[in-house]
Amino acid sequence: CNSLQPDCRPGVPLMEGETIVEMPAIQETLTQRYTQRALAFMRRAAAARQPFFLYYASNFPHTPLYASEDFLGTSAGGLYGDVVEELDWSVGRILD
């Protein structure tokens, strides 16, 4: 399987602590789920009036590449461009 193709799904689990959330990880939804988790973390800290540190390290745009349905086929740069546009959206949401 060519690792640059989205149908080459690595058997890597998505973990939360010691718990396997899904196996294999649904890579197409990771960027949006990471964004939702980051926003929830920041909102909880803000509501508690607590300072926070958020370290956001996405697994993309490293291969294999996956973009969500919202971004797939939307850029002039092919799949890589779709992934970068989704990351740009994600960082924009977090900065907002």
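The values are calculated or read from the model by the stated rules, or taken from the named source; none is laboratory data. Quick caveat: nothing in here was measured; it's all calculated off a predicted structure. Cβ sites come from the backbone with ideal geometry, for glycine too, and all protein chains shown count toward neighbours. To get the accessible areas, we keep the full protein, side chains included, count just its heavy atoms, and leave off ligands, DNA and RNA. Shrake-Rupley method; radii C 1.70, N 1.55, O 1.52, S 1.80 Å.
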Seminar exercise, completed: If exposed means chymotrypsin sites (Phe, Trp or Tyr not before Pro) lying in a DSSP loop and surrounded by at most 10 other beta carbons within 10 Å, then the longest stretch of the chain lacking such sites spans residues 1-51
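Just subtract the alpha-carbon distance of ASN59 and VAL91 from 0.36 nm times their residue separation and send over the number in nm, one decimal.
Fully extending the segment from ASN59 to VAL91 adds 10.2 nm.
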Exercise. Among LEU14, ASN59, ALA40, whose Cα sits farthest toward the positive end of the charge dipole of the chain (+1 at Cβ of Lys/Arg, -1 at Cβ of Asp/Glu, about the Cα centre)?
Worked result: ALA40
Problem set entry | Residue-normalised accessible area of the chain, given per residue in Å² at a 1.4 Å probe | 68
Problem set entry | Degrees separating the helix 78-95 axis from the principal Cα axis of the chain, which is the longest one | 0
Exercise. Taking 0.36 nm per intervening residue step and subtracting the Cα-Cα distance, what contour gain separates THR74 from ARG49 on full extension?
Worked result: 5.1 nm
Problem set entry | Hz values of 3J(HN,Hα) by residue in region 64-72 - Karplus curve (6.51, -1.76, 1.60), Gly and Pro given as x | x, 9, 9, 10, 6, 4, 5, 10, 5
Exercise. Hey, got a sec? Which GluC sites (Glu not before Pro) in region 50-96 land in a DSSP loop and have at most 11 other Cβ atoms within 10 Å?
Worked result: GLU69
Seminar exercise, completed: Going residue by residue through region 33-42, the Karplus relation 6.51 cos²θ - 1.76 cosθ + 1.60 with θ = phi - 60° gives ³J(HN,Hα) values, rounded to whole Hz and with x marking Gly or Pro, of 5, 4, 4, 4, 5, 5, 5, 5, 4, 5
Seminar exercise, completed: Excluding ligands, DNA and RNA, the carbon-plus-sulfur percentage of the accessible area of region 27-77 with a 1.4 Å probe reads 56
